[in-house]
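Quick notes on the structure that follows.
The values are calculated or read from the model by the stated rules, or taken from the named source; none is laboratory data. Every value quoted in this text rests on a predicted model; they were computed, and no experiment measured them. In this analysis, Cβ positions are derived from the backbone assuming ideal geometry, glycine residues included, and neighbour counts consider all displayed protein chains.
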């Protein structure tokens, strides 16, 4: 087998509108919209710089079925650049950009192969020699609830084989259950590498025989898509063995930051600590623009200051003003208050009254089998409700201890407030 390299990408979501941010910060929303284009440009640059034989794109090239002319032309232009370097492209469409969506008459280069609504095979070549066979399928409409993996056929050539599919393996709850399938369904086809899309978090469902991988999306689009985003660079050796590495391509990075108030005496100190946390994240972002969601945590005297009306909005405004002209740009998207008051648990527990008795029992609860059993019985009644079925699971012993400890602090806070 001839060794080769390819790039596995998915969920480009070119032209994503970021409507939520547009309502209160048009400048940031436009920057994020541009970021999807720039991340795609970075993908093209990556393929060229890594001398890839081809790229596979596993669905959701565009953010919507009514894709803009600009988005289509930019996608086409990127594929043309690849063609100029002898790099092919194999593309399927997913639930965001199904085949029945609006398409303009913009011809794609000959080097690009877009799969239709039925699984079909195509050949990937290097200098005229076939190195891999690729089977893919596009969504004909937005909602596909059939198991498309069952329609794939086994490879017939003595070549490395790739399955290109936009799907939900194992019913991952954070994503719509489109084209649902299992690891066993994919393994049964005999295909060597499954290049998947739809799930925006990078993960490998299997490391070998076959490799089943999600590269995640190219560019985070909201706070829940935090951290590095990009594509996989995959090498296949002469024995068909696979190795891959992640290449970050996001140009705007979302991050959650936590700042503790425990040892801080005033709001100036809190702002200084927040600036330090942002600066550390800016360095980790390695020159990328940064959008932060900040959570104040811990217990201390500042808890009462943060509870004052509009305090969090004012602090966010102060931070935004400080970074208004920064390059790369830094945007504080939101601040949340997860702090608590400063409490003397020992003093509350030592009291010779109802409060002290409750606090003493709360300390003993994690070690008492009857307390744990009672709590599990109560939780099972809640978790057994239909709306939580398959979503929330019974906590393990460690999580149960955490829940009891959190409840103990909450009780202490309520008791102090009553006093």
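At least 1 residues being farther than 30 Å from residue 290 by Cα is the threshold, and among the helices (runs of 4 or more DSSP H) wholly inside the stretch 304-382 those reaching it are 345-350, 354-364.
Report yes if residue 177 is in a loop (DSSP other than H, G, I, E, B), on the phi < 0 side of the Ramachandran plot, surrounded by 20 or more Cβ atoms within 10 Å (Cβ to Cβ) and not assigned by TED's automatic domain parsing to the domain that holds residue 319, otherwise no.
Numbers: in a loop (DSSP other than H, G, I, E, B): yes; on the phi < 0 side of the Ramachandran plot: yes; surrounded by 20 or more Cβ atoms within 10 Å (Cβ to Cβ): no; not assigned by TED's automatic domain parsing to the domain that holds residue 319: yes.
Considered against the rule, which asks whether it is in a loop (DSSP other than H, G, I, E, B), on the phi < 0 side of the Ramachandran plot, surrounded by 20 or more Cβ atoms within 10 Å (Cβ to Cβ) and not assigned by TED's automatic domain parsing to the domain that holds residue 319, residue 177 comes out as no.
Per-residue answers, yes or no, for (1) touching a strand residue (DSSP E or B) at 6+ places or on another chain (Cβ under 7 Å); (2) at pLDDT below 95; (3) closer than 24 Å to residue 409 by Cβ:
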residue	(1), (2), (3)
263	no, yes, yes
273	yes, no, yes
278	yes, no, no
302	no, no, yes
305	no, no, yes
312	yes, no, yes
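Of the candidates 332, 291, 242, the single residue that is in the same structural domain as residue 159 (by TED's automatic domain parsing) and either within 30 Å of residue 202 (Cβ to Cβ) or modelled with pLDDT of 95 or more (or both) is 242. Filtering the stretch 354-381 to residues that are modelled with pLDDT of 75 or more, surrounded by 10 or more Cβ atoms within 10 Å (Cβ to Cβ) and closer than 30 Å to residue 173 by Cβ leaves 373, 374, 375, 376, 378, 379, 380. Examine the stretch 127-136 for a residue that is surrounded by fewer than 22 Cβ atoms within 10 Å (Cβ to Cβ), touching a helix residue (DSSP H, G or I) at 6+ places or on another chain (Cβ under 6 Å) and modelled with pLDDT of 95 or more, and state whether such a residue exists. Within the stretch 127-136, none of the residues are surrounded by fewer than 22 Cβ atoms within 10 Å (Cβ to Cβ), touching a helix residue (DSSP H, G or I) at 6+ places or on another chain (Cβ under 6 Å) and modelled with pLDDT of 95 or more. Quick one: count up the residues across the stretch 40-91 that are in contact (Cβ under 8 Å) with a residue 40 or more places away in the chain, surrounded by fewer than 16 Cβ atoms within 10 Å (Cβ to Cβ) and within 21 Å of residue 103 (Cα to Cα). Of the residues in the stretch 40-91, 1 are in contact (Cβ under 8 Å) with a residue 40 or more places away in the chain, surrounded by fewer than 16 Cβ atoms within 10 Å (Cβ to Cβ) and within 21 Å of residue 103 (Cα to Cα).
Determine, yes or no, whether residue 257 is touching a residue at least 24 places away in the same chain (Cβ under 8 Å), in the same structural domain as residue 332 (by TED's automatic domain parsing) and touching a strand residue (DSSP E or B) at 6+ places or on another chain (Cβ under 7 Å). It is true that residue 257 is touching a residue at least 24 places away in the same chain (Cβ under 8 Å), in the same structural domain as residue 332 (by TED's automatic domain parsing) and touching a strand residue (DSSP E or B) at 6+ places or on another chain (Cβ under 7 Å). Checked against (1) crowded, with 20+ Cβ neighbours inside 10 Å; (2) modelled with pLDDT of 95 or more; (3) in contact with a helix residue (DSSP H, G or I) (Cβ under 9 Å, 6 or more places away or on another chain); (4) under 24 Å from residue 43 (Cβ atoms), residue 247 passes all but condition (1).
In summary, residue 295 fulfils each of the numbered conditions (1) within 22 Å of residue 32 (Cβ to Cβ); (2) in contact (Cβ under 8 Å) with a residue 40 or more places away in the chain; (3) outside any strand (DSSP E or B); (4) in contact with a strand residue (DSSP E or B) (Cβ under 6 Å, 6 or more places away or on another chain) with the single exception of condition (3).
Tell me, yes or no, whether the stretch 157-164 has at least one residue that is surrounded by fewer than 18 Cβ atoms within 10 Å (Cβ to Cβ), at negative phi and at pLDDT below 95.
Initially, the stretch 157-164 is screened for residues surrounded by fewer than 18 Cβ atoms within 10 Å (Cβ to Cβ), giving 157-158.
With at negative phi added as a condition, the list becomes 157-158.
Right, trim to at pLDDT below 95 and you get 157-158.
Yes; the residues of the stretch 157-164 include at least one that is surrounded by fewer than 18 Cβ atoms within 10 Å (Cβ to Cβ), at negative phi and at pLDDT below 95.
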